[in-house]
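Structure record follows, encoded as structure tokens.
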Amino acid sequence: MKGFIPLFLCMWLSTTTFAQPGLDEYKDIIDLDDKYTSIGSNMEEIQKLDLSTFWSGNESERRFGFIGSNYRRLHIKFISVIKNPVQPNEYFVYGKSKAADNICSFQGIIKIKESHYLKTLENPEGNTGVLAGEYTFYEDSKTKHSGTFQGKFVTYWYKDKEGHIRYNNLWDVSAMYNNNQFVGTWTGYDKENRMTANWGDSRIPQSGDLDVGSSEFGPNEKYHPYGWKLFADVMAGKMEWEPETWWKD
């Protein structure tokens, strides 16, 4: 990570243009239990905060992902997330990806483009919300099968009784709970390979028939050969779960 911040300070010092309010660009990945209405943007408020823990180290982190048409299991770990001291809506990210036995380090950026208070049937007072934006992550080109992750994301938040904005884990026991929904593509540096690559906390956005779980994420049996067999065995109680440390040097 040495030299990580200076590299991206040089690459991302341009002024960001925010999308118009409304979340229209992100409606296909916003998955809430009931209908929602935006009751106002709070981008000014969001830009004053350091939200780095929303993407790394939050207590509810339970991240699943897939890559390609066979829904091969994709592991994504954000090891370090640092707010850009120059552009308040940007965050520098360092992490690692894993598909099959291939592990790549990556670095890149998360850009928050919009943030809104939401009103729903369960929360008519409007103390919950969603922020949305874009990301680009560059894997280490010296690693085999490396490339670029690029796409859009949404992250849900809520305001606590003290008025602090928190990562939204209020409903993490509900069957359809999800957060940090990332949707996009992975493109190999050789430009010959381009695949869908999506991930999220607790559930995966736009995952087709991969997720057949009811109370929690559960991989379809036909995709077990693509990296999901071990996870399925743990869920079925056939083996003990062991904390993963694949991203550690």
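The values are calculated or read from the model by the stated rules, or taken from the named source; none is laboratory data. The shown structure was predicted, so the numbers you read here are calculated from the model rather than taken from an experiment. FYI the Cβ positions are ideal-geometry reconstructions off the backbone, even for glycines, and counts take in every protein chain you see. Please note that ligands, DNA and RNA were not included when accessible areas were found on the heavy atoms of the full protein model with its side chains. Shrake-Rupley method; radii C 1.70, N 1.55, O 1.52, S 1.80 Å.
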(request) In whole Hz, with x marking every Gly and Pro, tabulate ³J(HN,Hα) for segment 161-169 from phi via Karplus 6.51 cos²θ - 1.76 cosθ + 1.60, θ = phi - 60°. (result) 5, 8, x, 8, 7, 10, 4, 7, 10
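What does the charge add up to near ARG72, with Lys and Arg as +1, Asp and Glu as -1, over the other residues with Cβ less than 13 Å from its Cβ? All intermediate terms of the calculation are to be shown ahead of the outcome.
Working: positive: ARG73, LYS98, LYS222, LYS229; negative: ASP101.
Summing Lys/Arg as +1 and Asp/Glu as -1 gives +3.
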(request) Normalising by the residue count of segment 23-139, find the relative contact order in percent from Cα pairs under 8 Å and 6+ residues apart. (result) 25 percent
(request) Rounded, prolate or oblate: pick one for the chain, where a ≥ b ≥ c are the square roots of the eigenvalues of its C-alpha gyration tensor, a/c under 1.5 means rounded, and failing that, prolate if a/b is larger than b/c, else oblate. (result) oblate
(request) Please find, in a Gaussian network model of the chain (springs between Cα atoms separated by less than 10 Å), the residue of LEU230, LEU131, LEU51 whose mean-square fluctuation is greatest. (result) LEU230
(request) Could you sort out which of LYS48/LYS113; LYS96/LYS238; LYS27/LYS119 sit more than 18 Å apart by Cα distance in this structure? (result) LYS96/LYS238
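Once neighbouring chains are kept in place and the probe is 1.4 Å, which whole percent of the accessible area of segment 59-213 is contributed by carbon and sulfur? Numbers along the way, then the final one.
Details: 3010 of 6420 Å².
The value for segment 59-213 is 47 percent carbon and sulfur by accessible area.
Suppose a student asked you for the relative contact order of segment 148-249, using Cα pairs under 8 Å spaced at least 6 residues apart; what percent would you report? Spell out each step's value before the answer.
Values: 133 pairs, mean separation 19.1, N = 102.
Relative CO of segment 148-249 lands at 19 percent.
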(request) Within the chain, what's the longest run with no GluC sites (Glu not before Pro) in a DSSP loop and at most 13 other beta-carbon atoms within 10 Å? Give the range, please. (result) 60-121
(request) Kindly write out, for segment 232-249 in residue order, the coupling ³J(HN,Hα) from the Karplus curve 6.51 cos²θ - 1.76 cosθ + 1.60 (θ = phi - 60°), rounded to whole Hz, with x marking Gly and Pro. (result) 5, 5, 5, 4, 7, x, 7, 7, 7, 7, 10, x, 7, 9, 4, 7, 7, 5
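Could you compute the net charge surrounding PRO124? Neighbours are other residues with a C-beta less than 13 Å from the C-beta of PRO124; K and R count +1, D and E count -1.
Details: positive: LYS35, LYS119; negative: ASP34, GLU122, GLU125.
Charge balance near PRO124 sits at -1.
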(request) Straight distance only, please: which aspartates and glutamates reach the Cα of LYS229 with their own Cα at less than 15 Å, same-chain residues fewer than 8 apart left out? (result) ASP101, ASP211, GLU221, GLU240, GLU242
(request) Over the alpha-carbon set of segment 41-153, work out the extent along each principal axis and list the three values in angstrom, largest first. (result) 49, 35, 24
(request) On a C-alpha basis, how far is the centre of segment 69-91 from the centre of segment 172-221 in Å? Whole number, if you could? (result) 15 Å
(message) Keeping every protein chain present and rolling a 1.4 Å probe, give me the accessible area per residue for the chain in Å².
(response) 51 Å²
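For the chain, what's the relative contact order in percent, using C-alpha pairs closer than 8 Å and at least 6 residues apart? Write out the running numbers ahead of the final one.
On the way: 504 pairs, mean separation 44.9, N = 249.
It rounds to 18 percent for the chain.
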